[in-house]
Amino acid sequence: MSEFEEHRKKAQERMERQEKLERLEHRRLHASHHTESHKAHSHHRNRRRSDLSYFLESDRNFYIFLFGIILCGILLAALTSLAVPTKEELQKKAEAEKAAAEAQFTPSKATWTAAGDVVFHGPIMESATYYNSEDNTYNYDPIFDYCRDLIEASDMATVTLETSLAGEEAGYSSYPIFRSPDALADSLAGCGFDMINLASNHVYDGGDEGLLRTMDVLKERDLGYLGTRSDEEQKTYNVVDVNGIKIGVISYVFETTEEDGEVSINSIPLSEEIAPLINSFNYNDLDSFYAEVENSLAAMKKEGAQYTIAYMHWGNEYQTTPSEQQETIAQELCDLGIDTLIGSHPHVIQPVDVLTSTDGKHQMLCAYAIGNFLSNQQIEYMTEELPTGETEDSYLLSLSLSSNKKGKVTLEDVTFTPMWTHRYPGEKDAAFLVLPVDDTENLEDVTGVTGIKEEADESAARTQAIIGEGVEKVKEALPLKSAL
């Protein structure tokens, strides 16, 4: 083979190898394109499948959510139908509550009578008219023969005791330290009194033992008491059920405490044990007193009190007009919600008024002082203090209360019965009578005591002069609703 042919052969072989390589490359590229196309198609197909799956999944969640809302709505409607009563059910419930309230309170009426101060002076206590020397006993019943019916006629009657029942062993005495026989409590109970107001400036005349004994003596005679307690566990107020009407009562006496000094009453320092047992107030710290009253009112209301009465031993002796302090305290007690205020201590009658609370929502009957129910402060013995006779006078303050089906109490009427303490010579010694002087024309016939009409008329006139205007104001204001 020639060199030329050999060269051509090699060139041909190279061309064949090149073509072969090109075919192989073409196949590789074709295969690669097919693979990519397949992958793209597959990805597109998978994406379409994924989108569809997502759509289907989202749609399912939506319907589940929608179903949940519908189910909740059904449940809420069912619960609402159970929890929210219909109009008919509400009406039935209101009628049932009304019936229950009406069943709880039965309409009722009650009378509450307050008498003035019993100041047991020596001429009364020691009079041979009332003392039996044979058996060393006392009997003061005759003093009250002509007022007994008035007292017994009241559903609840109170009187203020300006003495102590410390016992014979402590010694009987009168002014300035009053210690009286237990027979006085017997006569007060026999007269028809139910409760004794002990919060007076002579409450501590018998000392610690004397005060505790006084309460025991009263309890033994079924007499309640106001203004004191035998231990600190007892309440500082009373809630008394009178014919189904619950009446809350507080009673306070003024202190004579010196600034930063021991608590004292009538200038007698109280022991640490006894001081908390006497309801007292300090004119120099009235805020503390008002706070106590407010707490007592809340407690009495919680116990069901429907009407409230405050007894106040206060004011200035022998003054027939209230002091500024009395007026200030009275207004505050009205603002706090007291319904009736009954005052004592001045030994004379002071005016009657109707006070209106600062907010204008409440009115309170205010009797600033109702006088001496029994004492020896006759005109002839009072030439220096008050020689015009007012110390012989008092009146019975009688409240006529009514309650309705809702338990609301109203002061329907108030009676002011003028009283006069008459001293006259008895067969053995001085004798005393507590007499109503609202009908002086028949007084001598009723009592059998002659020659007393003129003095009785004078007593009635003195009382009318002091309270007449106020009584008219009270009558015009009636009825007065309780603040509770």
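The values are calculated or read from the model by the stated rules, or taken from the named source; none is laboratory data. Quantities reported herein were computed from a predicted structural model and do not represent experimental measurements. Positions of Cβ are generated from backbone atoms using ideal geometry, with glycine treated the same way; all protein chains shown enter the neighbour counts.
Some points to look at:
- Count of segment 226-264 residues which are of a type in the set (Gly, Ala, Ser), over 20 Å from residue 345 (Cβ atoms) and crowded, with 24+ Cβ neighbours inside 10 Å: 1
- Among the residues making up segment 291-311, those that are within 24 Å of residue 109 (Cα to Cα), within 8 Å of the chain's Cα centre (by Cα) and either of a type in the set (D, E, K, R) or not assigned by TED's automatic domain parsing to the domain that holds residue 114 (or both) are 301, 302.
- Scan of segment 411-425 for residues that are surrounded by fewer than 18 Cβ atoms within 10 Å (Cβ to Cβ) and more than 34 Å from the chain's Cα centre (by Cα), ordered by number: 424, 425
- Options 343, 337; residue that is at pLDDT 95 or above and closer than 15 Å to residue 467 by Cα: 343
- Of the numbered criteria (1) assigned to a loop (DSSP other than H, G, I, E, B); (2) exposed (fewer than 14 other Cβ atoms within 10 Å of the Cβ), the one residue 438 fails is (2).
- Residue list for segment 152-177, restricted to those being surrounded by 21 or more Cβ atoms within 10 Å (Cβ to Cβ), of a type outside the set (Asp, Glu) and either on the phi > 0 side of the Ramachandran plot or not in a strand (DSSP E or B) (or both): 154, 163, 165, 166
- Residue 428, sole failed condition from (1) farther than 22 Å from residue 373 by Cβ; (2) out of contact with any Ser or Thr (no Cβ under 7 Å at 6 or more places or on another chain); (3) basic (Lys, Arg): (2)
- Some residue of segment 300-313 being in contact with a helix residue (DSSP H, G or I) (Cβ under 6 Å, 6 or more places away or on another chain) and over 15 Å from residue 237 (Cα atoms): no
- Residues within segment 323-342 that are of a type in the set (Val, Ile, Thr) and closer than 20 Å to residue 414 by Cα, tallied: 3
A quick yes/no check of all residues on (1) of a type outside the set (Val, Ile, Thr); (2) buried (at least 21 other Cβ atoms within 10 Å of the Cβ); (3) at pLDDT 95 or above:
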{"site": "389", "(1), (2), (3)": "yes, no, yes"}
{"site": "409", "(1), (2), (3)": "no, yes, yes"}
{"site": "427", "(1), (2), (3)": "yes, no, no"}
{"site": "433", "(1), (2), (3)": "yes, no, yes"}
{"site": "465", "(1), (2), (3)": "yes, no, yes"}
{"site": "472", "(1), (2), (3)": "yes, no, yes"}
{"site": "477", "(1), (2), (3)": "yes, no, yes"}
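- Residue check: residue 362 meets all listed conditions (1) in contact with a helix residue (DSSP H, G or I) (Cβ under 8 Å, 6 or more places away or on another chain); (2) surrounded by fewer than 24 Cβ atoms within 10 Å (Cβ to Cβ); (3) farther than 23 Å from residue 236 by Cβ but one, namely (3).
- Test: residue 310 is surrounded by 21 or more Cβ atoms within 10 Å (Cβ to Cβ) and either part of a loop (DSSP other than H, G, I, E, B) or without any contact (Cβ under 8 Å) to a residue 40 or more places away in the chain (or both): no
- Qualifying residue in segment 160-179 (condition: over 23 Å from residue 266 (Cβ atoms), within 29 Å of the chain's Cα centre (by Cα) and assigned by TED's automatic domain parsing to the domain that holds residue 434): no
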